[in-house]
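Structure first, commentary second.
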Amino acid sequence: MGELVGVAHGKLYRWYKDHLSGFTKPDSQKKLHQHDIVRSETDRKTGKPEVVRVPILKSENMGPDMCIDEKYIGGEFYTLLANRQTGKIALMAGTQNTVELCELMVKFELDKRFGVKYLTRDLLNAYDWTGRQMFLNAEHIADKFHILQHLFDAVQSIRIYHRNVYLTKRRQAYEAFKAKEAERKRNCQSMNETFHPAVFQHKEERLENGETNRELLARSVHLLYKFSGQWNSSQSTRAEILFKHYPDIHTAYKLCCSFREWYSKEYIGQPIKKIMKRLDIWFDKVKSTGMEEMLNFKSLVERHLGVILNYFNDGRTNANAESLNAKIQRFLQANNGSRDLDFTFFRLTSFFA
């Protein structure tokens, strides 16, 4: 933009920041830091007390349908409490500590906090306890996206394990090759002979589609996120070979698809007993496999079963929070965000609060 008007980008940025935006006005600076929390601990680098930045705290942005999520900005995780209906941020704070979050949220009027009927969130314990203490009338709904992400991680961890087996073999072969070359070089030097280094070669078996096991496992990452009906022809071929050589991945994939079908929006509004019966069948299938990765995911579902089941009441998710996260990320990329956090937060307030 600066080049279009004959002014360097940096100079235009400074003009806007220091003179046009209102950022440097004392009132703006006061508003930007008026809710910051000063901790008793000191920063190791500066020796000064640690400060929790709280650039946004607006009670007027509260509503009956709220979502809470985290956002990584400038090396810190920020908690975002946003209104699902308006998309406006009610709280943005550089902490995930329950005590500090509660300290900030008590600044919202009591009727605003009691007026929250729904709170969609991930499984972070801090958000669980904060929500229970601050929003006593709210129904908590575990975010479907985060639950499925844990499920996908369980399946992918099995694929990664198998690939690491082949990577380890390759590394060990290379280390043996280097040791052999070093010994050969020493022998050549002792005999005053010219040393001609060899080229490392590691032969690997080629599978039916021409790929090695390492390549097959690496290229199968995306197809495991999809239902089989969504695969293209090459993915279908690759999946057939993958499942033939790695039956445990096939078992985990089938359990993954089965859980996703249980979590389908078509069951929203159905009786909880019916939904639980279908989940119990899935639990039994997981137990019968004895697969640690899937058993770990099963345990996670059991621990958070109540808030997961609340999804089937009316299908609320944290999609709004994820969308807000994406918008903030694009905003940061377009505005050199993490280089000047105060100015970034000043502008974020204008756009999102």
Note to self: Give me CYS256, CYS102 sorted ascending by neighbouring Cβ count inside 10 Å, so fewest comes first.
What the structure shows: CYS102, CYS256
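Residue separation times 0.36 nm, minus the C-alpha to C-alpha distance between ALA179 and PHE77: what's the value?
Details: separation 102, 0.36 × 102 = 36.72 nm, distance 4.53 nm.
Stretched fully, the ALA179-PHE77 segment lengthens by 32.2 nm.
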Check: On full extension of the chain, what length is gained from ARG171 through THR194, given 0.36 nm per residue of separation minus the C-alpha to C-alpha distance?
Finding: 5.5 nm
Notebook entry, point to check: What FRET efficiency do you get for LYS107 and LEU207 if R0 is 56 Å and r is their Cβ-Cβ distance, rounded to the nearest 0.05?
Noted result: 0.35
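First select every other residue whose beta carbon is under 9 angstrom from the beta carbon of ASP122; then total the charges, Lys and Arg +1, Asp and Glu -1.
On the way: positive: ARG121; negative: ASP69, GLU70, ASP143.
Net charge around ASP122: -2.
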Check: Who wins for biggest fluctuation among PHE312, PHE343, PHE200 in a Gaussian network model of the chain, springs between alpha carbons below 10 Å?
Finding: PHE200
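As a footprinting exposure proxy, order LEU119, LEU136 by other Cβ within 10 Å, with the fewest listed first. Let's see the in-between values first.
Details: LEU119 27, LEU136 10.
Ascending number of Cβ neighbours within 10 Å: LEU136, LEU119.
As a test of the formula, what do you get for the chain when each DSSP H run with n ≥ 4 contributes -39,500 (n - 2.57) and the sum is divided by the residue count, at 222 nm and rounded to the nearest 500 deg cm²/dmol?
Values: 15 runs with 188 residues, N = 353.
So the helix-based figure for the chain works out to -16500 deg cm²/dmol.
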Next item on the list: Just check the chain against the gyration tensor rule for me: Cα atoms, a ≥ b ≥ c as the square roots of the eigenvalues, rounded for a/c under 1.5, and otherwise prolate or oblate depending on whether a/b exceeds b/c.
Entry: oblate
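What is the order of THR46, THR95, THR212, THR24, fewest Cβ neighbours within 10 Å to most?
Working: THR46 8, THR95 20, THR212 16, THR24 12.
By the 10 Å Cβ count, ascending: THR46, THR24, THR212, THR95.
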Note to self: If R₀ is 25 angstrom, what is the calculated FRET efficiency for the pair ASP36 and SER323, using the beta carbon separation as r and rounding to 0.05?
What the structure shows: 0.35
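Read the figures in this text as sums done on the coordinates, not as results from a lab. Because the structure is predicted, anything quoted here is derived from the model rather than measured. Every residue, glycine as well, gets a Cβ built from its backbone with ideal geometry; the counts of neighbours run over all protein chains shown.
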